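Heads up, the thing below is written out as structure tokens.
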Amino acid sequence: MGKTRLRILYGEGNDETLKAQAAGIEKAGHTVQQAVGRKGVEEAIRKSAFDLVILGATLTRNDRHHLPYMVKKASAETSVLVMHADGSRHPYVDACTDTGASLETVLTRIEGMKIAGMMPAAAAAGAGK
């Protein structure tokens, strides 16, 4: 049936960047809740469940390092994508993109992730041969 629609929390430190990038992610077919800054992200993960949390490049380096712990503490099943990072050494980061990665690169990375919200659809697609 095509792509799975994910519930995504997208956090950035800059409101303009957040709005522009979130629109592109929504256009790709996902539901996006926007959050500005560390407090915005932390408040959102306390109130709602998400398939994926994207931590954007305009968050501080400290926020991009701290928030994956907070996301996994709220829900171990939630996937975390950190933009503008070397997340390969961070145990709570499921995927990352390099500095300056395009929105297209981010969307491709999301498609390649094993996100809990996508698994039932993938399993059903495989079983329906």
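Expressed as a whole percent, the accessible surface of segment 1-92 that belongs to carbon and sulfur atoms is 49, based on a 1.4 Å probe. In segment 7-112, the alpha-carbon atoms span a convex hull of 85 Å³ per residue.
Label zone of R7 (point 7 Å out along Cα→Cβ, amide N under 12 Å): in segment 24-46 this covers 31-33, 45-46.
Summary of packing: across the peptides 51-63, 13-25, 72-84, 99-111, the per-residue average of other C-beta atoms within 10 Å ranks them, highest first, as 51-63, 72-84, 13-25, 99-111. The residues of segment 7-112 have, on average, 52 Å² of accessible surface per residue, using a 1.4 Å probe with all protein chains present.
The values are calculated or read from the model by the stated rules, or taken from the named source; none is laboratory data. Please read these numbers as outputs of a predicted model, since none were measured by experiment. Cβ: placed from backbone, ideal geometry, glycine included. Neighbour counts: every protein chain shown. Heavy atoms of the whole protein, side chains included, go into the accessibility calculation; ligands, DNA and RNA do not. Shrake-Rupley method; radii C 1.70, N 1.55, O 1.52, S 1.80 Å.
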